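Here is the structure we will look at, set down as structure tokens.
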Amino acid sequence: MQNNPYQSLIDALIDGDRDKAYQSASELLKSGIPKERIVVEGIHKAMEMLDGKCTAEQFNLLELMLTGRAVSTVIDLLYKGDQSGVASRETIVLAALEGDIHDLGKSIVKTVLMGKGYRTVDCGKDVTIEKIVETAKKEGAKAICISGLISSVMPQIKRLKPSLEEAGCGDIAVLAGGAALKQATAEVLNVDYVGITAFDAGKYIDTLLGYSHDQS
Amino acid sequence: MTSLERISATVRFERTDRVPVIAQIGAHSAIFAKKKLIDYVRDGELAAYSQITALEHYGYDAVFAIFDSCVETEAAGSTIEYREDIYPAVIKYILNPDSDVEKHKLPDPHQDGRMPEILKCVRILRQEVGDKTLVVGTVIGPMTVLTQLMGMERALYMAIDDPKRFVKFFDYACQLVRRFGLAQLEAGAHLILTFDPAASQTVIPPQFYREFVLPRHRELFKTFKEGGAIANWVHSAGRIDDIMPYYQETNVDIVNFDYEVDPLSAIANTGHICLDGNIKPLSFIFDTPEIIRQESLKLMGIFKERGGFILSSGCEIPPESKPENIEAMVNAARETL
Ligand code: B12
């Protein structure tokens, strides 16, 4: 373990120390290690370790935000911000619905999914169902994660699956989460899954798409 | 007993005729009074009228002068977007990490943004209910105001990257809140509810609360008491289990606990402080009156021996809630007569 060349990058990411993460990743690059290895052995490993650390009760938003920021810094360094090089897995669309401007939770879900190697397309906040369906179809998404923190978005989310079916992409899975939606059941919301934490989204999608999530 | 007497006695852990009950209602009152949300949040007179209409119908123990979480930041210069049926949101923050915050003008509650409308609402409410019902003035707490002045992520990153600078920004938010709260007390509010959801564990770690927020909450509550508040009431939605022990050091009198907090944990962590909570807000939309009644009875049972309890929702009762569910909570408290 001590000789793991990626350890200092992993530690820096988990500590959310972006300067140190940047420096460690630069050194790895300089020593000739391919970008893909840095992503898999560094970023993915760090995210797996965080996953194990965070439960619904033991959850520190600030830590995750800092890790998210450090991960973005490293990805910027490696790919100049172009995610496509990092993403080896399927596409997942994220959004907060019309009238909902909360987006911290959505960013965390995105960080977790990116960390696992999924390609994420973030529609942003305050987004209409129509826009989400259009994006999911265009991007060939396998799943859509809806983050909902205010109760007024509930009637909207119920329309998502029917709208997807109408658009001929009823096979896309719909996940819901966030402070308001997590209080309801999947049946009430007419979705495939309701998760409590961002890691639940990752686990559900892993299982759905046939990745085992216990590889660490 | 009048509502005000009932609440005051409960805060002191004295006996009352029945358990006090407060439905945390904002724009629901407007919908109930057949008004539009967009008008409710901009017109103090209409808001007061809506609150009184709802009070007369439901018969709970407090009325609120409350609009939304953008009043403070709008008055300080942020740009807000209003929508028909949903609460407004900030579309342009007035501060950024490079702002010279020490020179930034503090809003005048009598002039800026919608603050004067809130003051008008307080005045009318107090005129209407006098000392019979508790008139609750509301401020968004300093941590949340700061996130509304510059954006949540920027505020939190600043706290980590440059704590000294963060403190300057935070102190600006504190001054703003202090002024606004004092003006509401002057206008006739019996007490101020400090609504600080960004100071909950959902957002910040407990050490962060202890280091940055606790001393400022303590100072704020002291100022409000000196300004005539009969008590202080703190409300951080979401999880607060590990923050609650610190509330004792702020000298707060009433602590709201959300549905995510176990009542027994709230009791264990707050010592001799009055608690209010914690029916799940969404229950008021989706569940039946019987479920709300059962939940209410269960809660009152838990607090029977201890006292110091106000039956309430864990957070704001959503605007689109079913009236019969709110009635069920109020009636449950009456069963204890
Ligand atoms: C921060 C915050 C804000 C910030 C948002 C800043 C931002 N950029 O996001 C500001 C101050 C702007 C804000 C505004 C408002 N807010 Co607000 N806000 C909060 C607060 C304090 C924290 C939310 C948060 O970011 N949590 C941290 C994140 C990480 O948690 P999260 O989103 O739940 O995500 C986690 C999980 O849920 C999960 N997850 C998230 N999405 C998904 C998706 C999937 C698929 C899965 C599986 C998992 C998952 O992953 C995350 C990590 O595990 C909560 C109160 C609280 N304590 O929860 C209120 C809260 C959500 N807000 C609330 C309200 C009412 C409002 C306002 C309407 C206030 C008002 N009256 O004006 C406005 C909304 C305006 C609008 N049009 O949307 C209510 C919602 C009540 C309701 N049921 O409707 C809450 C609960 C507080 C309250 N009770 O009043 N708010």
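Before moving on, here are some points about what is shown:
- A single entry from B:Glu226, B:Glu219, B:Glu249, B:Glu260 fulfils the requirement of being of a type in the set (Asp, Glu) and modelled with pLDDT under 95: B:Glu260.
- Among the numbered conditions (1) farther than 24 Å from B:Gln175 by Cβ; (2) away from chain A (no Cβ under 12 Å); (3) modelled with pLDDT of 95 or more, the only one that B:Ile279 does not meet is (2).
- Cβ-Cβ distances below 7 Å connect the following pairs, each with a first residue in the stretch A:139-168 that is under 25 Å from A:Glu90 (Cβ atoms) and more than 14 Å from the ligand (Cβ to nearest atom), a second residue that is of a type in the set (Ser, Thr, Tyr) and outside any helix (DSSP H, G or I), and a separation of six or more residues or different chains: A:Glu139/A:Thr91; A:Gly140/A:Thr91.
- When B:Asn325, B:Asn269, B:Asn251 are checked against the criterion of being in contact (Cβ under 8 Å) with a residue 12 or more places away in the chain and open to solvent by less than 10 Å² (accessible area, probe 1.4 Å), B:Asn325 stands alone in meeting it.
- Residue match in the stretch B:162-185 (condition: out of contact with any Asp or Glu (no Cβ under 8 Å at 6 or more places or on another chain), within 16 Å of the ligand (Cβ to nearest atom) and outside any helix (DSSP H, G or I)): no
- Among (1) part of a helix (DSSP H, G or I); (2) surrounded by fewer than 23 Cβ atoms within 10 Å (Cβ to Cβ), the one test that B:Ile292 misses: (2)
- Segments classed as helices (runs of 4 or more DSSP H), wholly inside the stretch A:58-160, with at least 3 members that are open to solvent by less than 30 Å² (accessible area, probe 1.4 Å), out of contact with any strand residue (DSSP E or B) (no Cβ under 8 Å at 6 or more places or on another chain) and more than 18 Å from A:Ile196 (Cα to Cα): A:61-79
- Just so you know, in the stretch B:186-215 the residues that are near the ligand (Cβ under 10 Å from one of its atoms) and within 14 Å of another protein chain (Cβ to nearest Cβ) include one that is surrounded by the most Cβ atoms within 10 Å (Cβ to Cβ), and it is B:Ala199.
- Here B:Tyr246 does not fit the description of being more than 12 Å from the ligand (Cβ to nearest atom), within 12 Å of chain A (Cβ to nearest Cβ) and either part of a strand (DSSP E or B) or in contact (Cβ under 8 Å) with a residue 12 or more places away in the chain (or both).
- Subset of the stretch A:174-190 that is more than 10 Å from the ligand (Cβ to nearest atom) and more than 11 Å from every other protein chain (Cβ to nearest Cβ) - its residue that is nearest to A:Leu104 (Cα to Cα): A:Ala186
- Test for B:Gln51: is it among the polar types (S, T, N, Q), away from every other protein chain (no Cβ under 14 Å) and in contact with a strand residue (DSSP E or B) (Cβ under 6 Å, 6 or more places away or on another chain): yes
- Enumeration of residues in the stretch B:216-247 that are open to solvent by 10 Å² or more (accessible area, probe 1.4 Å) and more than 22 Å from B:Val136 (Cα to Cα): B:Arg239, B:Asp241, B:Asp242, B:Pro245, B:Tyr246
- Looking only at residues of the stretch A:168-210 that are more than 24 Å from A:Ser152 (Cα to Cα) and of a type in the set (Phe, Trp, Tyr), we find that the one that is surrounded by the most Cβ atoms within 10 Å (Cβ to Cβ) is A:Phe199.
- Neighbours by Cβ (under 6 Å, 6+ apart or cross-chain): first from the stretch A:90-104, more than 15 Å from A:Ala201 (Cα to Cα) and at the interface with chain B (Cβ under 9 Å from one of its Cβ atoms); second more than 9 Å from the ligand (Cβ to nearest atom) and polar (S, T, N, Q): A:Glu98/A:Thr128
- Hits in the stretch B:52-92 - residues which are within 15 Å of the ligand (Cβ to nearest atom) and within 16 Å of the chain's Cα centre (by Cα): B:Phe64, B:Ala65, B:Ile66, B:Phe67, B:Asp68, B:Ser69, B:Cys70, B:Val71, B:Glu72, B:Tyr87
- When the stretch A:1-20 is filtered for residues that are open to solvent by less than 70 Å² (accessible area, probe 1.4 Å) and within 14 Å of chain B (Cβ to nearest Cβ), the ones remaining, listed by number, are A:Gly16, A:Asp17.
The values are calculated or read from the model by the stated rules, or taken from the named source; none is laboratory data. Every value quoted in this text rests on a predicted model; they were computed, and no experiment measured them. Positions of Cβ are generated from backbone atoms using ideal geometry, with glycine treated the same way; all protein chains shown enter the neighbour counts. When the accessible area is computed, the model is the full protein with side chains, heavy atoms only, and any ligands, DNA or RNA have been set aside. Shrake-Rupley method; radii C 1.70, N 1.55, O 1.52, S 1.80 Å.
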